[in-house]
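Worksheet: one structure, shown below.
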Amino acid sequence: MEIATLGAGCFWCVEAVFQQLKGVEKVVSGYTGGFIKNPAYREVCNGTTGHAEVAQINFDPAVISFEELLEVFWKTHDPTTLNRQGNDVGTQYRSSIFYHNEAQKSTAEFYKQKLTDAGAFADPIVTTIEPIGDFYAAEEYHQDYFNNNGSQPYCAFVVKPKVDKVKAVFAEKLK
């Protein structure tokens with residue numbers, strides 16, 4: 001098993017997207033990239049801790065590669081909006097790849113440059129590629145959020161369209 005840690009706005013969206021994929025064994029919503037120990041959701045939401053909301057993805061590279069995870073990552077959020085995804089605004093919502101080793105760093109940098117060179121997006125990609133630091137699992141009520149709260153308005157209007165996109169675009173990769 002390997003671990004990937006990705007930030008693409010609200011962690012409820014990221015978690016729900018990656019839970020759908022074959023080879024993904026576990027997804028944990030949490031925080032990383034900040035400068036205080038054991039941050040709480042309220043602190044992270046205030047944007048005062050430097051943390052990003054992320055999903056830590058445990059995956060089997062024999063079933064799904066890090067490159068395939070990045071493909072899903074790039075296609076399920078807007079990597080061109082600085083510190084924002086939709087109505088979620090702040091550094092905690094930054095588009096980010098937190099690498100766990102040099103191979104992940106190189107792969108992420110290569111993929112970002114390839115997309116830039118190809119003009120895949122109308123605006124410049126602002127996704128950060130950062131070394132993983134301390135990871136803190138979010139409070140229990142944030143875990144498996146979409147599956148437990150699918151009828152909640154944010155889930156219905158923000159998370160579900162992302163999940164539906166994954167199901168349509170990556171059907172061959174679904175569990």
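Just so you know, all these numbers are worked out from the coordinates, no wet-lab data involved. Just so it is clear, the model here is predicted, and its values are computed rather than measured. Cβ sites come from the backbone with ideal geometry, for glycine too, and all protein chains shown count toward neighbours.
Selection of segment 1-55 for residues being among the basic types (Lys, Arg) and within 21 Å of ALA171 (Cα to Cα) yields LYS22, LYS26.
Filter segment 119-161 down to residues that are loosely packed, with under 13 Cβ neighbours inside 10 Å and among the hydroxyl-bearing types (Ser, Thr, Tyr) and give me whichever is nearest to TYR31 (Cα to Cα). This residue is TYR141. Scanning segment 110-133 for residues that are within 16 Å of the chain's Cα centre (by Cα) and among the charged types (D, E, K, R) yields LYS112, GLU130.
Residue by residue, here is whether (1) among the charged types (D, E, K, R); (2) touching a residue at least 40 places away in the same chain (Cβ under 8 Å); (3) within 15 Å of ILE129 (Cα to Cα) holds:
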position: GLY7; (1), (2), (3): no, yes, yes
position: LEU21; (1), (2), (3): no, yes, no
position: VAL72; (1), (2), (3): no, yes, no
position: LEU82; (1), (2), (3): no, yes, yes
position: PHE98; (1), (2), (3): no, yes, yes
position: ALA108; (1), (2), (3): no, no, yes
position: TYR111; (1), (2), (3): no, yes, yes
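Checked against the criterion of being aliphatic (A, V, I, L, M) and closer than 19 Å to GLY90 by Cα, the candidates LEU21, LEU69, LEU6 yield just one match: LEU6.
The numbered conditions (1) farther than 24 Å from TYR154 by Cβ; (2) in contact with a helix residue (DSSP H, G or I) (Cβ under 8 Å, 6 or more places away or on another chain) are all true for LYS105 except (2).
Here THR91, THR49, THR80 are screened, and the one residue that is more than 13 Å from the chain's Cα centre (by Cα) and surrounded by fewer than 16 Cβ atoms within 10 Å (Cβ to Cβ) is THR80.
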